[in-house]
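The values are calculated or read from the model by the stated rules, or taken from the named source; none is laboratory data. Bear in mind the structure is a predicted one, so any value in this text is a computation, not a measurement. Every residue, glycine among them, receives a Cβ derived from its backbone with ideal geometry; neighbour counts consider all protein chains shown.
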Amino acid sequence: MNIRFGIFFLLLSVMACHSSGKQEAGNHPGKVKVGAEVLVDKHLDELAGKRVGLVMNPTARIGDTHMLDTLVTLGVNVTALFAPEHGFRGEAGAGEVIENGIDQETGLPVYSLYGETKKPTPEMLEKVDLLLFDMQDVGARFYTYNVTLGLVLEAAAAADLPVWILDRPNPAGGEYMAGWILEEQYTSFVGAYPIPMAHGMTLGELAKMMIGERWIEFEEEPALRVIPAENWERSMKWPETGLRWHAPSPNLPAFEHAYMYLGTVLFEGTNISEGRGTDHPFLTIGSPTTQIHEKALSRLRNRYSQVNIKRIQFTPQSIPGKAVNPKFEGEQCRGVRLSIKSYDFDPVAFGMDLLQEMAAATANAETTDFIYKLAGSGEVTRFQAGWDEDIKRFRQTRMPYLIY
C-alpha cells in the first residue's frame, strides 16, 4: 500500500512540475493538451465506482506514460483491455493477428480486436461499465483504428455501455482532405465508411459522424461522449502541436513517415516495395527492376519542391515486430528515398504522381486488387487525381460533426 501511494504522489508531482514548467517557460502557451490529459485533469472523479474498459494502443499516453499505467496508479478500477491492430502496447507488426492474453505489467486481461474477433463480444464486456477509447490516428481512411472504433460503438450500444473518446489531433491537420470517397464495392477492414483517403477529422469527430450518418448498426443510439483535446486548431499539422510523436504503428516511427504514408501507402497495392524492411518505410520506394531516370525525378521535383527525392539502392530485410517477410526480402532494389523539407504539399497527390512515374520505370510493374481497397475507387489506376467533387461534397457533409 505504501509503495502504491508513493507512486501515486510521485506521478502527481511529475505532472505538477510538468504543468508549472510549461507556465514558467512560456514558450508554448497554446500547446495542445490531448483528451487523455483533460480527462485526468478535469473528469477523473466521474470514473469513481465504475468498472472501466480500455480500448487503446501504444499512443494512449500522457507524456511518456501509457494511459493504462496512469489510470491504475490513480486508482481507477480498470477491468479489461482491448487491443486493436498492432496490440495494446504495440508489440505486433502490420497485419499480424493479435491474440487474447494478459498485460504483463498489470495482469489485466487483454481481448483481441484484430484476430478472429474484431468486435467486442458480450462476454468481453461483462465486467465493464464504461469504455475509454484512446488512440492516435493518422488521418487516413485505410488506417484500421477508425473501423475498430465503429465496431466498438456498435458493441457498446448493444450492451448499453457508454463510450468516452479521449480525443487527439489529426496529425495531418483538420483542413487537409484528399482522395476519393470510398465506393461501396471496395468496402473492407481498411475502408468501411464513405470518407476520403485523407479525411481531416479526429476520431472523436468521426465517431459522431458514424452515428449521425448511420454508418454503423445500432437499435439504441450509442452513448458517446468525446473529451476534446484543448488548444488544437484545424490548421495545425503535427509539428505545431508541441506534442511528442509516439509511433501509432511500427512502420510509422516519425510524423514524416506518417504524412508521406497518406500517399505512398498505394505502393502496398503493387509489386513495388513501399519500404517495409528498411529504416524508412513509406519514404523508401523501389524494386529490383526499377530504373527511374533523372527526367522523371525532375518532373516530380518541379511539382513538389517541398520533397527531397534521391535515387538509392536498398535491400529489404525481415524485422521482427515491424516487417516480417517484406517484399523483395534480401534482394537489392533500386528506387528513391524521400525526405520532407516542408509539409506544405499534398501527400496523396504526390503518392499518385510517384506511383505513375515508378510504374513507368519498373519492368513488369503490376497492381493488385488491394490498391482499390486502399484508394476506395477504381479510378486509382488511371493515375489522375480526380476527387475534387468528392472532397467538396464531404466537406459539407462533415460540418455538423466538427468539434474544433
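What do you reckon, is Tyr372 more than 16 Å from Ala296 (Cα to Cα), assigned by TED's automatic domain parsing to the domain that holds Thr289 and hydroxyl-bearing (Ser, Thr, Tyr)?
Spelling it out, it is not the case that Tyr372 is more than 16 Å from Ala296 (Cα to Cα), assigned by TED's automatic domain parsing to the domain that holds Thr289 and hydroxyl-bearing (Ser, Thr, Tyr).
I'd like to check something: does the range 117-130 contain any residue that is assigned to a loop (DSSP other than H, G, I, E, B) and modelled with pLDDT under 95?
The answer is yes, given that some residue of the range 117-130 is assigned to a loop (DSSP other than H, G, I, E, B) and modelled with pLDDT under 95.
Restricting attention to the range 317-327, does a residue exist that is assigned to a strand (DSSP E or B), more than 25 Å from the chain's Cα centre (by Cα), surrounded by fewer than 19 Cβ atoms within 10 Å (Cβ to Cβ) and in the same structural domain as Ala359 (by TED's automatic domain parsing)?
No, the conditions are met nowhere in the range 317-327.
So Glu233 clears everything in (1) of a type in the set (Asp, Glu); (2) more than 25 Å from Gly174 (Cβ to Cβ); (3) surrounded by fewer than 24 Cβ atoms within 10 Å (Cβ to Cβ) except one condition, right? Which one?
Going through (1) of a type in the set (Asp, Glu); (2) more than 25 Å from Gly174 (Cβ to Cβ); (3) surrounded by fewer than 24 Cβ atoms within 10 Å (Cβ to Cβ) one by one, Glu233 breaks only (2).
Can you tell me which residues in the range 151-166 are of a type outside the set (Gly, Ala, Ser), under 19 Å from Glu213 (Cβ atoms) and buried (at least 24 other Cβ atoms within 10 Å of the Cβ)?
Matches in the range 151-166: Val152, Leu153, Ile165.
Restricting to the range 175-212, give me the number of residues that are in a helix (DSSP H, G or I), crowded, with 21+ Cβ neighbours inside 10 Å and in contact with an Asp or Glu (Cβ under 7 Å, 6 or more places away or on another chain).
2
Restricting the range 118-134 to residues that are surrounded by fewer than 23 Cβ atoms within 10 Å (Cβ to Cβ) and within 20 Å of the chain's Cα centre (by Cα), which is farthest from Pro347 (Cα to Cα)?
Of everything passing the filter in the range 118-134, Lys119 is farthest from Pro347 (Cα to Cα).
Take the residues in the range 171-204 that are in contact (Cβ under 8 Å) with a residue 60 or more places away in the chain and polar (S, T, N, Q), then tell me which one is farthest from His246 (Cα to Cα).
Ser188
The rows are residues; the columns are (1) among the hydrophobic types (A, V, I, L, M, F, W, C); (2) touching a residue at least 12 places away in the same chain (Cβ under 8 Å); (3) assigned to a loop (DSSP other than H, G, I, E, B); (4) farther than 19 Å from Thr241 by Cα.
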{"site": "Glu37", "(1), (2), (3), (4)": "no, yes, no, no"}
{"site": "Val40", "(1), (2), (3), (4)": "yes, yes, no, yes"}
{"site": "Asp45", "(1), (2), (3), (4)": "no, no, no, yes"}
{"site": "Val55", "(1), (2), (3), (4)": "yes, yes, no, yes"}
{"site": "Leu68", "(1), (2), (3), (4)": "yes, yes, no, yes"}
{"site": "Val72", "(1), (2), (3), (4)": "yes, yes, no, yes"}
{"site": "Gly75", "(1), (2), (3), (4)": "no, yes, yes, yes"}
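Determine which member of the set Met352, Met399 is in a helix (DSSP H, G or I), modelled with pLDDT of 95 or more and surrounded by 13 or more Cβ atoms within 10 Å (Cβ to Cβ).
Exactly one residue qualifies, and that residue is Met352.
Name the residues in the range 42-66 that are within 20 Å of Gln136 (Cβ to Cβ), among the charged types (D, E, K, R) and surrounded by fewer than 20 Cβ atoms within 10 Å (Cβ to Cβ), would you?
Listed by number, the list holds a single entry, Asp64.
Residues are listed down the side, and each one gets a yes or a no for (1) more than 30 Å from Arg61 (Cα to Cα); (2) part of a loop (DSSP other than H, G, I, E, B); (3) under 20 Å from the mean Cα position of the chain (by Cα):
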| residue | (1), (2), (3) |
| --- | --- |
| Pro222 | no, yes, no |
| Pro248 | no, yes, yes |
| Asn251 | no, yes, yes |
| Ala258 | no, no, yes |
| Val265 | no, no, yes |
| Asn302 | yes, no, no |
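Looking at this structure, is Asp134 out of contact with any Pro (no Cβ under 9 Å at 6 or more places or on another chain) and more than 26 Å from Phe218 (Cβ to Cβ)?
no
Residues are listed down the side, and each one gets a yes or a no for (1) modelled with pLDDT of 95 or more; (2) in contact with a strand residue (DSSP E or B) (Cβ under 9 Å, 6 or more places away or on another chain); (3) at negative phi; (4) not assigned by TED's automatic domain parsing to the domain that holds Glu331:
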| residue | (1), (2), (3), (4) |
| --- | --- |
| Glu217 | yes, no, yes, yes |
| Trp232 | yes, yes, yes, yes |
| Pro250 | no, yes, yes, yes |
| Gly277 | yes, yes, no, no |
| Ser287 | yes, yes, yes, no |
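Of all residues in the range 374-390, count the ones that are part of a helix (DSSP H, G or I) and surrounded by 19 or more Cβ atoms within 10 Å (Cβ to Cβ).
4
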